[in-house]
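Each remark here refers to the structure printed beneath this line.
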Amino acid sequence: MAGRPNPPDFAELRADRALALFLDFDGTLVELAPTPDSIHVPPSLADSLHELSDRLDGRLALVSGRAIVDLESHLGSLKLAVSGSHGGDCRSAAGDNLGRVPEGLPPELLHKVRCFAGDHGFDLEDKPHGVALHYRANPSLEGRGLAFARQLAGENALDVKRGKCVIELVGKGANKGSALRAFMEADSFAGAMPVFVGDDLTDEDGMRAAKQHGGFGVLVGEREESVAEYGLATPAAVQHWLGL
């Protein structure tokens with residue numbers, strides 16, 4: 001894991017000071033799958049996350065590229081702080097929106113992306129606050145998809161997010177770092193040391209923001225370039241570290 005040590009014992013960290021825990025979902029809590037809908041979610045995961053949140057006095061947030069409604073389709077109704085759509089949609093554990101509620105992409109833009117995906121063999125994921133082109137079944141599509149997304153983003157004031165065999169178009173300014181900062185401004189998180197755990201390129205913004213707030217990042221899996229100080233090999237290792 002690029003020489004990164006395991007993170008400190010989680011129970012000892014909790015005992016030492018107040019922690020705020022930020023967790024990515026795909027590739028971090030559950031294994032990646034060929035398609036977004038084919039992931040395997042352990043039946044006990046949601047209950048375990050709620051119990052961990054209670055132990056942290058509510059200072060736990062899921063921070064995912066998935067839309068919140070998509071996360072809940074796999075985990076059930078969440079009574080946790082949660083951010084979906086790469087920081088574009090943040091919600092407190094009580095269900096209150098944090099910041100501006102983002103709008104979806106215009107229908108004409110979605111039509112262009114849908115046509116492109118159908119013509120070139122991408123799997124399209126239409127999200128409430130963006131759209132994703134998946135190419136895990138054919139990694140050679142990456143260059144073509146990236147060129148298309150960058151052109152469309154430049155013409156429509158959008159951002160391009162890259163992940164493991166996925167390219168996404170989202171609203172400007174939304175990222176996992178902005179999500180972490182929004183949560184850290186809430187009374188329930190304020191003053192705690194943030195720890196961000198993630199596996200993908202989009203998680204780097206969250207890890208960077210955690211460091212800026214006096215915390216650190218934990219990289220799941222292997223990648224040479226990362227701001228993370230620590231590493232864990234797999235989602236199973238993450239669950240073990242957290243005592244889930």
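The values are calculated or read from the model by the stated rules, or taken from the named source; none is laboratory data. These figures come from a predicted structure and were not determined experimentally. Cβ atoms come from the backbone with ideal geometry, glycine included; neighbour counts cover every protein chain shown.
Of the residues in the range 18-41, how many are of a type outside the set (Ser, Thr, Tyr) and either more than 18 Å from the chain's Cα centre (by Cα) or closer than 17 Å to Ala233 by Cβ (or both)?
10
Of all the residues that make up the range 200-219, how many are crowded, with 24+ Cβ neighbours inside 10 Å and either out of contact with any Lys or Arg (no Cβ under 8 Å at 6 or more places or on another chain) or among the polar types (S, T, N, Q) (or both)?
The number of residues fulfilling the criteria is 4.
Any residue that is touching a Phe, Trp or Tyr at 6+ places or on another chain (Cβ under 9 Å) and at pLDDT 95 or above - is there at least one of those in the range 75-83?
yes
Is it true that some residue in the range 119-137 is over 24 Å from Asp37 (Cα atoms), out of contact with any Ser or Thr (no Cβ under 7 Å at 6 or more places or on another chain) and at pLDDT below 95?
No; the residues of the range 119-137 include none that is over 24 Å from Asp37 (Cα atoms), out of contact with any Ser or Thr (no Cβ under 7 Å at 6 or more places or on another chain) and at pLDDT below 95.
Go through (1) crowded, with 22+ Cβ neighbours inside 10 Å; (2) out of contact with any Phe, Trp or Tyr (no Cβ under 8 Å at 6 or more places or on another chain) and name the single condition Val197 misses.
All conditions pass for Val197, except number (2).
Hey, among Gly198, Gly163, Gly173, which residue is modelled with pLDDT of 95 or more, within 23 Å of Leu71 (Cβ to Cβ) and not hydrophobic (A, V, I, L, M, F, W, C)?
Of the residues listed, the single one that is modelled with pLDDT of 95 or more, within 23 Å of Leu71 (Cβ to Cβ) and not hydrophobic (A, V, I, L, M, F, W, C) is Gly198.
Only residues in the range 123-137 that are assigned by TED's automatic domain parsing to the domain that holds Ser64 count as the first member; pair them with residues that are surrounded by fewer than 20 Cβ atoms within 10 Å (Cβ to Cβ) and polar (S, T, N, Q), Cβ under 7 angstrom, at least 6 apart or cross-chain, and list the lot.
Within 7 Å, no pair qualifies.
Could you give me the residue pairs with C-beta distances under 6 Å whose first residue belongs to the range 8-22 and is in the same structural domain as Leu49 (by TED's automatic domain parsing), whose second residue is of a type in the set (Phe, Trp, Tyr) and assigned to a loop (DSSP other than H, G, I, E, B) wherever it lies, and which are 6+ apart or on separate chains?
Correct list of pairs: Ala20/Phe189.
Exactly one of these conditions fails for Ala186: (1) of a type in the set (A, V, I, L, M); (2) touching a helix residue (DSSP H, G or I) at 6+ places or on another chain (Cβ under 9 Å); (3) over 24 Å from Glu31 (Cβ atoms). Give me its number.
So Ala186 meets the others, but not (2).
Quick one: in the range 111-125, of everything that is of a type in the set (D, E, K, R) and outside any helix (DSSP H, G or I), which residue is farthest from Val69 (Cα to Cα)?
Asp123
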